[in-house]
Amino acid sequence: MSLKPVSFSKPLEHLPRLSKPYVPGKQDARFWTDTELTVIRTYYVSGGAGACMAHLPAHRTISGVYQQAKKLGLSGDPNKPRNSYKSTPELDERIREEWVKLDGRKRGEVEDLAARLSVPRWWLTKRATKLGLTIAHKKEPPWTAVEDALMRRVPLHDPDKCSDIFREHGFKRSPTAIVVRAKRLDLSRRATREELSATRAAKILGVDGKWVTGRILAGELRATKRDDKRLPQQGGQSWDIRPEDLRRYVIDHLEQVDLRKVDKFEFVALIAGEGA
């Protein structure tokens, strides 16, 4: 048997890379520069984080200034008076009234309330803890036996389609919730696919995945592109191989299959027509 060279080059147009290209000498804005660290050394001890913020770029935060000051071993002026926040019965009553109106599904609710009350967020959180206040979080309803039975019938390899099927049956479940539920029920998301991937077919035949891809590109093994969301930069769409097409290829090209390397159980099931 003579070996024939197989080309794996894909006639795809050039597309820009997904990540930003590296530019020598250019530093990302999240890293602190020597100039910014000099500002902290100059103003932090005498004026605190507020004085530093007045001389720093707009994307820097108070917490970031505190972290850098700690790394530099700096501390504020001990003689500077500190702001002390004391609670009053009137303020506690207002906190109780406003706290029950907060929506746990929205971000920034506590921070907005702290701004309206003119107190720091950390102080408001501690005060709410002492007052025994909590935010009601709406959790998804418990899964029913009917939904669990439906989980075994939907195409778990496509969570978006599963969510649509659940909605058609009167259940509101997000794709993420369906994926998590499949893990908890120990359901394979690949078991519902009748087609085989190139990697799965290679495992059955005991060969490398590129060997199977080469047979597909050569036109010897029938396969179709999977309708997934993989970008060309990620290698493009995956291959779908029907078990009957793989069986026909094995029968027609038996001399290319090394029976010593095949997965004997899945290989026999494939040849017998019992699926893979």
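Values quoted throughout were computed directly from the atomic coordinates according to the rules given, and no laboratory measurement underlies them. Because the structure is predicted, anything quoted here is derived from the model rather than measured. Virtual Cβ from ideal backbone geometry, glycine too; neighbours counted across all protein chains shown.
Quick one, could you list the DSSP H helices from the chain stretching 30 Å or more along their long axis (Cα atoms) with average Kyte-Doolittle hydropathy of 1.0 or above?
For the chain, where a helix must reach 30 Å along its axis and average at least 1.0, there are no hits.
Say each of T88 and A218 gets a label point 7 Å from the Cα, pointing the same way as Cα to Cβ; how far apart are those two points in nm?
Taking the two extended label points, one gets 8.7 nm.
Please compute the net charge surrounding G206, taking Lys and Arg as +1 and Asp and Glu as -1 over other residues with Cβ under 15 Å from its Cβ.
+2
The range 81-110: which trypsin sites (Lys or Arg not before Pro) are DSSP loop and have at most 15 other beta-carbon atoms within 10 angstrom?
R82, K86, K101, R105, K106, R107
Expressed in nm to one decimal, what extension gain is obtained for the pair L231 and L185 from 0.36 nm per residue of sequence separation less their Cα-Cα distance?
13.5 nm
Compute the distance from the alpha-carbon center of the range 169-211 to that of the range 81-138, in whole Å.
46 Å
Could you tell me whether the chain comes out rounded, prolate or oblate from its Cα gyration tensor? Rule is a ≥ b ≥ c as square roots of the eigenvalues, rounded for a/c under 1.5, then prolate if a/b exceeds b/c, otherwise oblate.
It is oblate, given that a/c is not under 1.5 and a/b is not larger than b/c.
Using r as the Cβ-Cβ distance of R260 and R152, and R0 as 41 Å, what FRET efficiency do you calculate, to the nearest 0.05?
Efficiency for this residue pair is about 0.65.
Quick one: net charge of D252's neighbours, Cβ under 13 Å, K/R +1, D/E -1?
0
Around C52, with a cut-off of 12 angstrom between Cβ atoms, what is the net charge of the other residues, counting Lys and Arg +1 and Asp and Glu -1?
Within the 12 Å Cβ shell, the charges total +1.
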